[in-house]
Amino acid sequence: MIPQIQRKSNFEFLRIIALLLIVFHHMSVHGGVPFGSGTLFDDIYFQLLAFGGRVGVWIFVMISGYFLVNKTFKFRKMVKLMGECLFYNILVVLFIFLFGIRVLNHHEIIKACLPLGTYNWFASCYIVFYMFFPFVNVFLHKISRLQHLLFLLVGLVVWFLIPTLANTVTLQIPNWGSMLVLFTYAYSFGAYIRFYYSDRVISPKYLAKLFFSLLGTYLIIEYLVYYLSKRFDFLNHDPVYLCHDSIFTILFSMLLFLMFKNIHINYHYWINLIARTTFGIYLLHDNELINDYLWQNILHIPAVYGSTYMVLKTLGIGVAIFIIGMVIDLIRIKLLEEPIFDWINPKLDEVQVKMERWYYNLTERISSVFIKIS
């Protein structure tokens with residue numbers, strides 16, 4: 001989610017769109033929306049807002065796969081991610097304390113002091129995944145193109161299609177893996193595009209047809225399940241169940257990723273600068289300590305549901321959250337991150353050299369032990 005300097009802006013623009021989708025998702029799922037108390041349009045609209053969340057998440061991980069599959073682990077990047085998580089945890093705790101929102105217990109305060117994204121599920125998963133992505137890269141570089149494609153196809157069926165079909169009739173079959181497994185899947189898709197489609201342009205018209213065909217299919221299925229679930233108990237009654245790890249979220253993510261890969265936008269300073277703040281915006285607006293309070297008590301989303309100009313209000317609130325978060329994160333970057341990391345980056349690089357030397361020696365010793373045993 002943190003772009004590199006002078007990177008082309010097509011994927012950076014996609015980061016911005018993905019984060020906006022995530023913001024609208026949180027507005028729906030944390031907003032205390034009283035589904036069923038309004039019109040059909042009200043319910044379907046907020047279901048669509050919820051749908052963008054996982055789409056945005058998978059897009060971020062796919063972009064990481066596209067850019068990191070040929071890279072090595074950077075200790076300074078992991079420290080930067082952890083420092084950002086710690087900063088926003090402390091900022092949220094101070095906000096809760098200063099405005100007297102509620103009393104935090106000592107467990108919550110201790111967790112807030114851990115720089116592991118403990119109050120943001122995506123941040124914690126991403127940091128852990130970043131520790132393991134070099135090993136995933138080894139796997140992806142070793143397998144053939146056919147094996148890579150089969151991995152993606154089998155994973156699509158096992159981790160997305162089967163759970164979606166099963167959960168539609170409330171069988172409650174899990175996705176047979178943790179979020180880190182799904183992260184690996186999305187990462188592998190981005191890597192596949194980097195390996196085999198770097199210089200190939202897929203017809204924009206073809207991608208647009210696929211996108212709108214999939215959208216139409218999703219809307220029809222969403223409406224049918226929503227309508228029929230009121231009459232048949234065996235159908236899923238959760239109005240946003242298709243918005244989580246469904247076959248639709250991963251397919252939409254793939255299509256949007258491919259569409260923006262084919263858009264040629266050279267380096268654009270403002271796009272890349274705004275995209276640089278997306279991780280910070282996420283950490284600020286979706287902290288578990290305050291997310292429900294933000295949407296329900298400060299922004300009054302339940303009152304927005306079914307109100308006059310509902311669509312304009314939700315769009316305005318989502319964009320406002322993005323802009324406020326962006327401004328706060330730009331201040332953090334300029335006043336804290338850049339000065340601090342300009343000073344400590346050489347030290348972090350020294351630590352990385354020692355870690356790599358230790359890792360090399362350890363693997364050599366383990367290999368020699370196994371050779372003697374065999």
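One residue stands out among those in the stretch 88-126 that are closer than 17 Å to residue 298 by Cα and not aliphatic (A, V, I, L, M): the one that is surrounded by the fewest Cβ atoms within 10 Å (Cβ to Cβ), which is 100.
Filtered by the rule that a residue be within 21 Å of residue 131 (Cβ to Cβ) and part of a helix (DSSP H, G or I), the stretch 79-114 gives 79, 80, 81, 82, 83, 84, 85, 86, 87, 88, 89, 111. Pairs linking a residue in the stretch 350-366 that is more than 17 Å from residue 135 (Cα to Cα) to a residue that is surrounded by 10 or more Cβ atoms within 10 Å (Cβ to Cβ), with Cβ atoms under 8 Å and 6 or more positions apart or on different chains, are 351/75. Among the residues of the stretch 33-72, those that are open to solvent by less than 40 Å² (accessible area, probe 1.4 Å), touching a helix residue (DSSP H, G or I) at 6+ places or on another chain (Cβ under 8 Å) and outside any helix (DSSP H, G or I) comprise 33, 69.
Inspect all residues belonging to the stretch 16-26 and state whether any of them is within 23 Å of residue 196 (Cβ to Cβ), open to solvent by 30 Å² or more (accessible area, probe 1.4 Å) and touching a residue at least 12 places away in the same chain (Cβ under 8 Å). No. For the stretch 6-30, a residue qualifies if it is small (Gly, Ala, Ser) and farther than 14 Å from residue 48 by Cβ, and the qualifying residues are 9, 18.
Scanning the stretch 213-233 for residues that are open to solvent by 40 Å² or more (accessible area, probe 1.4 Å) and either closer than 18 Å to residue 56 by Cβ or touching a Ser or Thr at 6+ places or on another chain (Cβ under 6 Å) (or both) yields a single hit, 215.
A search for C-beta distances below 9 Å between a residue of the stretch 64-92 that is touching a residue at least 40 places away in the same chain (Cβ under 8 Å) and more than 24 Å from residue 109 (Cβ to Cβ) and any residue that is open to solvent by less than 40 Å² (accessible area, probe 1.4 Å) and of a type in the set (D, E, K, R), counting only pairs 6+ apart in sequence or on different chains, returns 66/261; 67/7.
Of all residues in the stretch 309-324, which are open to solvent by 80 Å² or more (accessible area, probe 1.4 Å) and more than 20 Å from the chain's Cα centre (by Cα)? Don't jump to the end; show me each part of the working.
If we filter the stretch 309-324 for residues that are open to solvent by 80 Å² or more (accessible area, probe 1.4 Å), which is where we start, we get 309, 312-313, 323-324.
Across the stretch 309-324, the qualifying residues are 309, 312, 313.
Taking residues in the stretch 321-338 that are more than 17 Å from residue 81 (Cα to Cα), and partners anywhere that are open to solvent by 30 Å² or more (accessible area, probe 1.4 Å), the pairs with Cβ atoms closer than 8 Å and at least 6 places apart or on different chains are 322/20. Selection over the stretch 147-165 of residues that are in contact (Cβ under 8 Å) with a residue 12 or more places away in the chain, out of contact with any Leu (no Cβ under 8 Å at 6 or more places or on another chain), more than 17 Å from residue 54 (Cα to Cα) and of a type outside the set (A, V, I, L, M) gives a count of 1.
Can you say whether residue 349 is within 30 Å of residue 92 (Cα to Cα) and of a type in the set (Asp, Glu), as far as the supplied structure shows? When the stated conditions are applied, residue 349 does not pass them.
Examine the stretch 285-302 for a residue that is open to solvent by 30 Å² or more (accessible area, probe 1.4 Å), without any contact (Cβ under 8 Å) to a residue 24 or more places away in the chain and not in a helix (DSSP H, G or I), and state whether such a residue exists. Yes, some residue in the stretch 285-302 is open to solvent by 30 Å² or more (accessible area, probe 1.4 Å), without any contact (Cβ under 8 Å) to a residue 24 or more places away in the chain and not in a helix (DSSP H, G or I).
Restricting the stretch 184-212 to residues that are within 24 Å of the chain's Cα centre (by Cα) and exposed (fewer than 12 other Cβ atoms within 10 Å of the Cβ) leaves a set whose member that is modelled with the highest pLDDT is 212.
The values are calculated or read from the model by the stated rules, or taken from the named source; none is laboratory data. Everything quoted here is computed from the prediction, not taken from an experiment. Cβ: placed from backbone, ideal geometry, glycine included. Neighbour counts: every protein chain shown. Protein only, heavy atoms only, side chains kept; ligands, DNA and RNA dropped before computing areas. Shrake-Rupley method; radii C 1.70, N 1.55, O 1.52, S 1.80 Å.
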